[in-house]
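A short worksheet on the structure shown next.
The values are calculated or read from the model by the stated rules, or taken from the named source; none is laboratory data. Bear in mind the structure is a predicted one, so any value in this text is a computation, not a measurement. Here the Cβ is made from the backbone with ideal geometry for all residues, glycine too, and neighbour counts use every protein chain on show.
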Amino acid sequence: MGYLLKVIAMILVAVLQAAGGTVAPLEVLGLVVLAAQWVIQEKYCRHLILIALEYVLIFALGFISPFILILCGVLAFDLAGRGLYWQVLLLLPAGIYHLEGERLGAYAVLLALCASSGYLSHILSVRKESFRVVYDRERRNRYALEEARAQLLASTREAARLAEIQERNRIAREIHDHLGHRLAGILLQLQAAVKALDRDEEKARELFKKSVTGLAQSLDLLRDTVYNIRPRDQLGVEYFQQIIDDFQFCPVKFSPRGDIASLTAAQTETLASIVKEALTNASRHSRATQVEVQLEVREKIVRLYFRDNGVGSAK
């Protein structure tokens, strides 16, 4: 808009000067200098000193032709466009000195109109810059959100993989350290019972009883070991409810929310392992009489909340 106003003002001054019949060479030189100064302001430097020099040049050219003062409207537009509203009043002395009567009134109206246009241009520029800053910030946030989402998905896959590896290691360790050791001991007891069957029937019977007890304990250990492997058929809220129902230590309040069936098998296994581990810890350490489990599935996140009224773990 500033370019258009300057072109119109320059053309208007040239037309009025041509209509007057005489154009002084110094006046033409001054207009060329003004045009060059405008180009410098728009392209390279917008310092206030250039506006002050422009005002001095226009004031001086006013001695040659009062029509040159029309270009003060451009100054009023530039000052108001920079938010320098009170500085526009400094343009009035040029009109007061060179003009009088109706021309002075027209000059004041010209300054007011140009300053108003500059004010609107300044407001639009500020709002445009504000919108640009907001847009850039929203774009950066969107990129950061997408990156965080990608990292979260990668972390979820890695967590599922690590949980699977950890579960396999747990099962292998339980079988090797406990179940294998117990079965080996039971085998030795059975062998000793067979050898003692003909010599000491009472001792052989005692060894058989110990072996039966050991086998029952081994079977319980085997069930505990494979308890967390994977769901068999049901993957929805029924699967989690079955885990809650199998917990006999104390009453459990289970509150599912959202579409539990939308969980993938890997997500269900991971959450189920967490629930089982939390319930196991509650039975071993908390001495709780009430446990609360909340499972909430939203569009973007899954929230698992676990709380009991026990004493907590020792520090």
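Annotations
- Residue check for Ser121: of a type in the set (Ser, Thr, Tyr) and within 37 Å of the chain's Cα centre (by Cα): yes
- Selection status of Glu167, on the phi < 0 side of the Ramachandran plot, out of contact with any helix residue (DSSP H, G or I) (no Cβ under 6 Å at 6 or more places or on another chain) and in contact (Cβ under 8 Å) with a residue 12 or more places away in the chain: yes
- Note on the range 87-120: residues that are closer than 18 Å to Ile49 by Cβ and surrounded by fewer than 17 Cβ atoms within 10 Å (Cβ to Cβ) total 1.
- Going through (1) hydrophobic (A, V, I, L, M, F, W, C); (2) under 51 Å from the mean Cα position of the chain (by Cα); (3) modelled with pLDDT of 80 or more; (4) crowded, with 16+ Cβ neighbours inside 10 Å one by one, Ala193 falls short only on (2).
- Members of the range 170-195 found to be in contact with a helix residue (DSSP H, G or I) (Cβ under 6 Å, 6 or more places away or on another chain) and within 19 Å of Glu277 (Cβ to Cβ), listed by number: Ile171, Glu174, His178
- Residue within the range 42-63 that is in a loop (DSSP other than H, G, I, E, B), at pLDDT 75 or above and either within 53 Å of the chain's Cα centre (by Cα) or assigned by TED's automatic domain parsing to the domain that holds Ala106 (or both) present: yes
- The residues of the range 125-169 that are over 30 Å from Leu271 (Cα atoms) and of a type in the set (D, E, K, R), listed by number, are Arg127, Lys128, Glu129, Arg132, Asp136, Arg137, Glu138, Arg139, Arg140.
- Subset of the range 150-164 (residues that are of a type outside the set (Asp, Glu) and either surrounded by 11 or more Cβ atoms within 10 Å (Cβ to Cβ) or at pLDDT below 85 (or both)): Ala150, Leu152, Leu153, Ala154, Ser155, Thr156, Arg157, Ala159, Ala160, Arg161, Leu162, Ala163
- Count of the range 90-110 residues which are modelled with pLDDT under 85 and farther than 14 Å from Phe67 by Cα: 5
- Test result for His181, exposed (fewer than 11 other Cβ atoms within 10 Å of the Cβ) and within 30 Å of Leu215 (Cα to Cα): no
- From the options Ala76, Ala80, residue that is assigned to a helix (DSSP H, G or I), at pLDDT 75 or above, under 41 Å from the mean Cα position of the chain (by Cα) and in the same structural domain as Leu92 (by TED's automatic domain parsing): Ala80
- For the range 215-252, taking the residues that are among the charged types (D, E, K, R) and farther than 17 Å from Ala278 by Cβ, the one that is modelled with the highest pLDDT is identified as Glu238.
- Within this structure, Leu145 passes the test of being modelled with pLDDT of 80 or more and either part of a helix (DSSP H, G or I) or more than 29 Å from Leu207 (Cβ to Cβ) (or both).
- Elements of type strands (runs of 3 or more DSSP E) contained in the range 235-315, each with 3 or more residues being touching a residue at least 60 places away in the same chain (Cβ under 8 Å), loosely packed, with under 12 Cβ neighbours inside 10 Å and hydrophobic (A, V, I, L, M, F, W, C): none
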